[in-house]
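Just so you know, all these numbers are worked out from the coordinates, no wet-lab data involved. Every value quoted in this text rests on a predicted model; they were computed, and no experiment measured them. Note: ideal-geometry Cβ built from the backbone for every residue, glycine included; neighbour counts use all protein chains shown.
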There are 2 protein chains.
Amino acid sequence: MNQPRVQEKEATSRRIILDCAARLFRTEGYAATSLRRIAAASNMKSGSLYYHFASKEEIITEVLNMGVQRVHDEVWRSTAELPPDADSHTLVRTAVRAHLAALHELGDYSSANVRIYGQVPEHVRNAHKPIRIAYEDLWIALLGRCVSQGSLRGDVSRRFISTFMLGAMNASLEWGTPESGRLQQMADDMAELFLRGIMTSNQ
Amino acid sequence: MNQPRVQEKEATSRRIILDCAARLFRTEGYAATSLRRIAAASNMKSGSLYYHFASKEEIITEVLNMGVQRVHDEVWRSTAELPPDADSHTLVRTAVRAHLAALHELGDYSSANVRIYGQVPEHVRNAHKPIRIAYEDLWIALLGRCVSQGSLRGDVSRRFISTFMLGAMNASLEWGTPESGRLQQMADDMAELFLRGIMTSNQ
DNA sequence: GTCTATATCTGGATAGAC
DNA sequence: GTCTATCCAGATATAGAC
């Protein structure tokens with residue numbers, strides 16, 4: 001009865017391959033990352049990858065999806081845990097913290113996603129797109145909760161604000177890898193800039 | 001006496017090659033963009049590129065540098081033209097407008113820069129780095145003018161704020177190509193978000 | 001200044017042994 | 001599940017004709 005062991009090994013190898021692939025896609029780019037290099041980093045030979053994945057495109061698809069899915073889940077969970085009457089500042093701060101924490105924890109996956117989304121083959125991008133849109137919609141909904149409290153400014157569209165915020169937060173992936181203590185501080189600083197802007201007085 | 005004509009043709013071909021290269025680097029990635037494709041897009045054969053450039057790395061270096069240099073120059077010029085006693089809001093709005101206008105005008109150059117900077121061979125990146133740092137320093141200096149007016153918040157470092165703003169603005173390259181009318185509006189909206197944040201009241 | 005032709009290398013993917 | 005061996009397409013770069 002060693003069926004479970006085999007499945008475990010397959011799942012583990014799969015995960016190792018994806019981790020290495022994500023790291024290489026992030027740092028080298030999509031086309032520059034050969035299956036031979038992914039295999040070597042995973043302590044395998046290139047032919048062996050085809051036991052786990054049908055093609056390079058199947059690997060990048062998995063990497064792209066994982067880069068968004070976990071962030072989505074964390075932001076959803078952390079904001080759903082808040083009391084229904086939580087004020088807008090708390091809501092935004094919580095979502096920003098969750099996004100940045102998950103983003104940097106995922107590291108190579110989310111960074112690879114941000115960096116090479118615009119450069120993968122079009123049908124790969126199209127297959128991934130719904131996951132991105134679902135995540136954007138989550139943010140639109142969060143901002144909707146602010147609107148219903150009358151606290152979100154009305155002169156700029158919610159879609160613009162959410163795209164703006166996501167872009168600003170994702171750009172932080174290019175700043176290097178902060179220790180988790182620093183990350184907390186960074187998230188709070190960024191939430192503050194979002195909420196109140198860069199100036200002292202708001203005349 | 002056709003020496004000038006020849007130089008003109010060389011300069012023109014060079015520029016065509018760089019334009020095509022920037023567009024391809026942006027959309028396909030660095031490694032995925034072959035010299036054959038750059039040549040084809042430039043209505044040439046791949047061998048001919050070597051008359052104008054010594055290597056693929058020389059091409060990408062030029063593309064990276066152009067992507068920052070023009071933006072730098074535009075932001076510098078537009079803010080230097082302001083009266084020395086211009087208020088902080090005007091200063092920031094002017095710089096944001098200039099950055100976004102130049103960024104989207106350069107299009108493929110700046111977008112290629114943002115997208116593939118982290119994926120280009122290390123010595124290419126190192127050669128380009130001083131130009132990036134000089135531009136960041138320009139923003140630090142602009143924010144310094146706000147500090148001396150007592151209008152920049154003091155609880156977050158100037159370096160953090162400038163990195164935050166540049167990241168947020170550069171992310172807009174991924175939103176598609178706006179018509180120039182829309183671009184003006186976008187720049188003003190973004191400046192507003194920077195200056196006053198996303199909320200209505202700042203209690 | 002641009003071409004053709006080519007040397008040399010590395011890529012994704014497959015077949016079949018173990 | 002992982003290996004070796006291999007096919008074939010496509011890469012950078014060079015050489016030399018025009």
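Counting other Cβ atoms within 10 Å, keep those with at most 14, restrict to DSSP loop, and tell me which GluC sites (Glu not before Pro) in segment A:19-85 are left. Walk me through the intermediate numbers first.
Numbers: sites: A:Glu28, A:Glu57, A:Glu58, A:Glu62, A:Glu74, A:Glu81; in loops: A:Glu81.
Within segment A:19-85, the qualifying GluC sites (Glu not before Pro) (loop, at most 14 other Cβ atoms within 10 Å) are A:Glu81.
What do you get for the angle between helix A:122-148 and the principal long axis of chain A? Use alpha-carbon atoms, 0 to 90 degrees, nearest ten. With both axes taken from Cα atoms, the answer is about 20 degrees.
Legend: calculated FRET efficiency, A:Glu58 to B:Ser148, from the Cβ-Cβ distance at R0 = 51 Å, rounded to 0.05, equals 0.35. Here is how far apart the A:Trp175 label points are across copies: 2.1 nm, shortest first, using a point 7 Å from Cα toward Cβ. For A:Ala41, the distances from its label point to the matching points in the remaining copies are 2.6 nm, ordered from shortest, with each point set 7 Å beyond Cα toward Cβ. Any idea what angle helix B:158-171 forms with the longest principal axis of chain B, computed on alpha-carbon atoms, 0 to 90 degrees, nearest 10? Helix B:158-171 and the main axis of chain B meet at about 50 degrees. Using the Karplus relation 6.51 cos²θ - 1.76 cosθ + 1.60 with θ = phi - 60°, the per-residue 3J(HN,Hα) values for segment A:64-77 come to 4, 5, 4, x, 9, 4, 5, 5, 3, 4, 5, 5, 4, 4 Hz, with x marking Gly and Pro. Across the copies of the chain, A:Asp155 has label points (7 Å from Cα along Cα→Cβ) spaced 2.4 nm apart, shortest distance listed first.
Between the Cα long axis of helix B:88-106 and the first principal axis of chain B there is an angle of about 20°, rounded to the nearest 10.
Tell me whether segment A:125-203 comes out rounded, prolate or oblate; compute the Cα gyration tensor, take square roots of the eigenvalues as a ≥ b ≥ c, and use a/c under 1.5 as the rounded threshold. It is oblate, given that a/c is not under 1.5 and a/b is not larger than b/c. Could you tell me whether the protein assembly as shown comes out rounded, prolate or oblate from its Cα gyration tensor? Rule is a ≥ b ≥ c as square roots of the eigenvalues, rounded for a/c under 1.5, then prolate if a/b exceeds b/c, otherwise oblate. Note, shape of the protein assembly as shown comes out oblate. Using the Cα centre of segment B:57-196 as origin and beta-carbon charges of +1 (Lys, Arg) and -1 (Asp, Glu), tell me which of B:Pro83, B:Phe194, B:Ile59 is placed farthest towards the positive end of the dipole. Result: B:Phe194. Could you tell me the distance between the Cα centroids of segment A:37-87 and segment B:16-46, to the nearest Å? Cα centroid of segment A:37-87 versus Cα centroid of segment B:16-46: 31 Å apart. Going by the alpha-carbon gyration tensor, a ≥ b ≥ c the square roots of its eigenvalues, is segment A:1-119 rounded (a/c under 1.5) or, if a/c is not under 1.5, prolate (a/b greater than b/c) versus oblate? Cα axes put segment A:1-119 in the oblate bin.
For B:Lys56, a cut-off of 27 angstrom between C-alpha atoms picks up these lysines, skipping any fewer than 8 places away in its own chain: A:Lys56, B:Lys9, B:Lys45, B:Lys129. Between A:Met199 and B:Arg153, the built amide H atoms are under 5 Å apart, and every one of these is 5 or more places off in sequence or on another chain. Loop-located trypsin sites (Lys or Arg not before Pro) across segment B:24-79 with a Cβ neighbour count of 16 or fewer within 10 Å are B:Lys45, with loop assigned by DSSP.
Counting only Cα atoms, the size of segment B:57-196 along its three principal axes is 45, 32, 27 Å, in decreasing order.
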